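Below: one structure, written as structure tokens.
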Amino acid sequence: GALLVNERIDREELCGAVSPCSLSFEIVVENPLELYSGTVEIQDINDNDPVFPSSQARLEISESVVAGARFPLESAQDPDVGINSLQTYQLSANPNFALDVQTRVDGSKYAELVLEKELDREEQRELNLVLTALDGGSPPRSAHVQIHIDVVDANDNAPVFNQSTYKASVRENTPSGTLVARISAYDLDDGPNGDIVYSFSSHTPAKVRELFALDSATGELRVKGQLDYEETKLYEIYLQAKDKGAVPGVAHCKVLVEVVDVNDNAPEVTVTSVYSPVPEDAAPGTVVALLSVTDLDSHDNGLHILVQVSDVNDNAPRSSQASYDVYVPENNMPGIPILNVSATDPDLGRNARLSYTLLQGDTAFGHLFSINQENGTLYLLTSLDHEDQVEFNMMVQVQDGGFPPLATNVSVSVFVTDLNDNAPTVLYPHPNTTATYADVVAPGTPAGHMVTKVVAVDADAGYNAWISYTLLQATDPSLFSVGLHNGEIFTARQLREDDAPEHTLVILLKDHGEPVLSTSATISISVAEMVKEVLTDLTDVAPANDPRRNVTFYLILAVILVSAAFFITMLSVGIFKCYKWRQSKELYSSSRSTTYRTPGPFHHIDAVRGGFTPPSFYHQVYLTTDSRQSDLLCKKPFTSSPLGSRQGTIRNGEPGLYHQIVGTASRLPTPAE
């Protein structure tokens, strides 16, 4: 007796909008035979979405519609019934419209748009809204429709000029059709409401309409008649712009047209006779007539004498700078411009036409620099090297084209700045030598003892040439250390007996440039009691056939010969000096007087050299007791004698020797004197 569902039941297909939806049936029961009637009520579930007739709705609403106007919208349909049917509508947020949901007699819902804020087409030409229909199911089902609203224009805007006053100037001889000014206005309305027509204002004089024409579509104001500065110098023209609306909007502006004078009037000369006829005996300076000259033109056009001043080349070119300093990094690209020499000339025409020439100094720069003769651009032709030359000085001559030409010289100094393009170079130990030698340190040497020093240079300059020394590799890293900035190699600890007898150090030398460049030096250090041990070791390892042995022999032989020659020369000079000294002693002894003997360490000797000087020459000599080892110091006479017109001092001897020789012109001294 179970009642089963035979197929899927669709309430909306069976009953549509009728509610409640029920199905009747009869059941026959046998033994005993009985007839039963039954009814099945089909309950609704929310299995259908609301549906709008179309996915998009379009409305046209005039911007002149007042607030409160209502616009019905198409309703959505939902085949479900009861709470599952369409229950309400919702509208997307916007500043102009609200949604009013109404209920019909049969309980169905519909919606109306209500205008809350008046539309303005000039502000917003169209609106897009979304209307949503919702049923009462859980969860609710919905449907959406796009509402596109076109704002229909109303002639609510008058034309507007982009400026209230226009100014223009034209020459009085301007031909007809010449454009004077172009006025422009705009209207925010559309269609005929925004179409603008330009015209003269109603109060524009007829004379202005005869002289000027206005294009009604473009707003171009053109010359129509013949202008005359002498008649009217300024025209004030009033124009207007109208739209094509039913009630047209109007805007006004004015154009001020200034007429520019041209020299179109000849001078008029009026002669007024003052004294006529003139008698033949009239005195010079007598006024005969008055001349009056008038010209209707204005300003310079009303003067008669025009003097044109021709230019003379009286100004030399002037440079903005008397000298230029240019800094160029070395290893530059050839052909680059490095400087523009700027000069001006206040003359005119050819007299102001400048040319630039590079003057050659002590050093010819033609292969290094060139200059553009027309604009003064200085070019570098080759790549420079800071290590080769740091500074270049040259002169640039700026000359005009006058006759005779005038010129100005400008000093240019080019400084080559250094780049780090040279690695440190090791001077000691020489990196390319093939000789095997080592620095020696004695066993037991304490810590801090300087063993040797790495000597290096860097061809760069400044910071690029700062060299730092670090110990890169060593036989015993704990035994030696190297000074960071001076390359001095010290013992880091005291040498022990068990230390290796031979040590090899590799020193890394780095500069401080960017990028850093480096090199290395290898130092050999021997630990030995005496240098002889090291020399013995070096002899053992020296090559059997040294091609430089003969050279060393000849060098030693040359040193011996030079020393011998020097010794012989010095001996000869000594013998000669001794011989001369004895000769002078004998000469002085023969004329010595005992009355001139004075006590003390000095001997006072007066003597006359017979046969060597004139009789009037007197010598006064002061000698020490050891004067034999010295030469004379002579003082030239200061008397008027022929041999003593000047006074001087000659000193060529040892300290303690002083000779004074005084010449007299009258007589020989007596012993008493």
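As an exercise: evaluate Asp297 against (1) under 30 Å from Glu268 (Cα atoms); (2) part of a loop (DSSP other than H, G, I, E, B); (3) open to solvent by 40 Å² or more (accessible area, probe 1.4 Å); (4) touching an Asp or Glu at 6+ places or on another chain (Cβ under 9 Å) and give the number of the one condition it does not meet.
(3)
Matching residues to (1) among the acidic types (Asp, Glu); (2) in a strand (DSSP E or B):
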site	(1), (2)
Leu113	no, yes
Glu118	yes, no
Leu129	no, yes
Thr132	no, yes
Pro140	no, no
His148	no, yes
Asn155	no, no
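Using the structure shown, decide if Asp195 is within 23 Å of Asp153 (Cβ to Cβ), open to solvent by less than 20 Å² (accessible area, probe 1.4 Å) and modelled with pLDDT under 95.
no
Identify all residues within segment 286-304 that are closer than 28 Å to Arg171 by Cα and aliphatic (A, V, I, L, M); write none if there are none.
Passing the criteria: Val293, Leu296, Leu303.
Take Tyr229 and decide whether it is in contact with a strand residue (DSSP E or B) (Cβ under 6 Å, 6 or more places away or on another chain), in a loop (DSSP other than H, G, I, E, B) and either within 21 Å of Thr174 (Cα to Cα) or open to solvent by 80 Å² or more (accessible area, probe 1.4 Å) (or both).
Taking the combined requirement at face value, the residue satisfies it.
Which residue pairs have Cβ atoms under 9 Å apart, sit 6 or more places apart or on different chains, and have a first residue in segment 204-226 that is more than 16 Å from Leu256 (Cβ to Cβ) and in the same structural domain as Gly177 (by the TED database) and a second that is open to solvent by 60 Å² or more (accessible area, probe 1.4 Å) and in a helix (DSSP H, G or I)?
Lys224/Arg209; Lys224/Glu210; Gly225/Lys207; Gly225/Glu210
Give me the pairs, please: first residue somewhere in segment 160-186 and closer than 14 Å to Gln226 by Cα and open to solvent by less than 80 Å² (accessible area, probe 1.4 Å), second residue anywhere and outside any loop (DSSP other than H, G, I, E, B) and small (Gly, Ala, Ser), beta-carbon distance under 6 Å, and either six or more positions apart or on two chains.
Pairs found: Val180/Ala168.
One line per residue, one yes/no per condition, for (1) without any contact (Cβ under 8 Å) to a residue 12 or more places away in the chain; (2) open to solvent by 10 Å² or more (accessible area, probe 1.4 Å); (3) part of a strand (DSSP E or B); (4) assigned by the TED database to the domain that holds Leu211:
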| position | (1), (2), (3), (4) |
| --- | --- |
| Glu236 | no, yes, yes, yes |
| Leu239 | no, no, yes, yes |
| Lys242 | no, yes, yes, yes |
| Ala246 | no, yes, no, yes |
| Cys253 | no, no, yes, yes |
| Thr272 | no, yes, yes, no |
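Being outside the structural domain of Arg141 (by the TED database) and either in a loop (DSSP other than H, G, I, E, B) or more than 60 Å from the chain's Cα centre (by Cα) (or both) is true for just one of Ala98, Ala17, Ala93. Which residue is that?
Ala17
I'd like the residue in segment 66-111 that is among the charged types (D, E, K, R) and within 18 Å of Ala17 (Cα to Cα) and, out of all such residues, is most open to solvent (accessible area, probe 1.4 Å).
Going through the qualifying residues, I end up with Asp106.
Yes or no, residue by residue, for (1) β-branched (Val, Ile, Thr); (2) at pLDDT 90 or above; (3) not assigned by the TED database to the domain that holds Pro329:
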position: Ala435; (1), (2), (3): no, no, yes
position: Met450; (1), (2), (3): no, yes, yes
position: Asn464; (1), (2), (3): no, yes, yes
position: Gln473; (1), (2), (3): no, yes, yes
position: Asp498; (1), (2), (3): no, no, yes
position: Thr504; (1), (2), (3): yes, yes, yes
position: Ile507; (1), (2), (3): yes, yes, yes
position: Thr522; (1), (2), (3): yes, yes, yes
position: Lys532; (1), (2), (3): no, no, yes
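Tell me which residues, restricted to segment 119-133, are of a type outside the set (S, T, N, Q), open to solvent by 80 Å² or more (accessible area, probe 1.4 Å) and modelled with pLDDT under 90.
Those that are of a type outside the set (S, T, N, Q), open to solvent by 80 Å² or more (accessible area, probe 1.4 Å) and modelled with pLDDT under 90: Glu123, Arg125.
Kindly indicate which of Asn157, Asn128, Asn193, Asn173 is closer than 26 Å to Pro72 by Cβ and either touching an Asp or Glu at 6+ places or on another chain (Cβ under 7 Å) or not assigned by the TED database to the domain that holds Glu231 (or both).
Asn128
Where the second residue is modelled with pLDDT under 95 and the first is on the phi > 0 side of the Ramachandran plot and lies in segment 117-137, which pairs have Cβ atoms under 6 Å and are six or more apart or on separate chains?
As it stands, the answer is none, since no pair meets every condition given.
Go through the residues of segment 215-229 one by one and say whether even a single one is over 57 Å from the mean Cα position of the chain (by Cα) and modelled with pLDDT under 95.
Scanning segment 215-229, I find at least one residue that is over 57 Å from the mean Cα position of the chain (by Cα) and modelled with pLDDT under 95, so the answer is yes.
Go through segment 300-341 and give me each residue that's free of Cβ contacts under 8 Å to residues at least 12 places away in the same chain and in a loop (DSSP other than H, G, I, E, B).
Leu303, Ile305, Leu306, Val307, Gln308, Val309, Ser310, listed by residue number.
The values are calculated or read from the model by the stated rules, or taken from the named source; none is laboratory data. Since we're looking at a predicted model, the values are computed, not measured. We place every Cβ from the backbone using ideal geometry, glycine too, and count neighbours over all the protein chains shown. Keep in mind that these areas ignore ligands, DNA and RNA; they rest on the heavy atoms of the full protein, side chains included. Shrake-Rupley method; radii C 1.70, N 1.55, O 1.52, S 1.80 Å.
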